[in-house]
Amino acid sequence: MRVWSRGLGRVELAADMRRVRVIHDGDTLFLVGKTEPPVSWDFIVSLDSSELWKVARLALNRQGLGFMLRFLWLSLFHRKELALDRVKSTTPRLGTNPDREYAPLLTKVRPRKQTANG
């Protein structure tokens, strides 16, 4: 898993999801881990029980199902490619320009400004 925000600038952090601990405490599910070197930060992602369906919808929509089918296909028939994908997803990227690279994605999720005509 890789994570980027504008505050990170030209760094995209990576975390190996195999090392993330899942902790259920009351109404909250926590994912606790550490990013990969050279920037080794602790992170915690918390999900409230009210968010369960939102998370499930990520996996159950057409794109999520296609993503899971690709994983199954790779794990059954192309293990080397899956291993390369794992290395790629757990390697931080330094000196990149994710702000520009992710600009098309950010424009898709940002709310559009409404004009005076509505």
Among the helices of the chain (complete DSSP H runs), which have Cα atoms covering no less than 30 Å along the helix axis and a Kyte-Doolittle mean of at least 0.0?
none
Test of understanding: what is the full-extension gain from THR96 to LEU65, defined as 0.36 nm times their sequence separation minus their Cα-Cα distance?
8.2 nm
Kindly give Rg over Rh for segment 2-106, based on alpha-carbon atoms, with the Kirkwood expression for the hydrodynamic radius.
0.99
Quick calc, the chain, dipole around Cα centre from Cβ unit charges on Lys, Arg (+) and Asp, Glu (-), nearest 20 debye, gives 520
Run the numbers for ARG10 and VAL45: contour at 0.36 nm per residue of separation, minus the present Cα-Cα distance, in nm.
10.4 nm
So, in nm, how far is label LYS54 from label ARG21 when the simple model puts each one 7 Å beyond its Cα toward the Cβ?
2.6
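Each value in this text was obtained by applying a stated rule to the coordinates, not by laboratory testing. What you see is a predicted model; the values in this text were computed from it and never measured. A quick note on method: Cβ atoms are made from the backbone with ideal geometry, for glycine too, and the neighbour counts reach across all protein chains shown.
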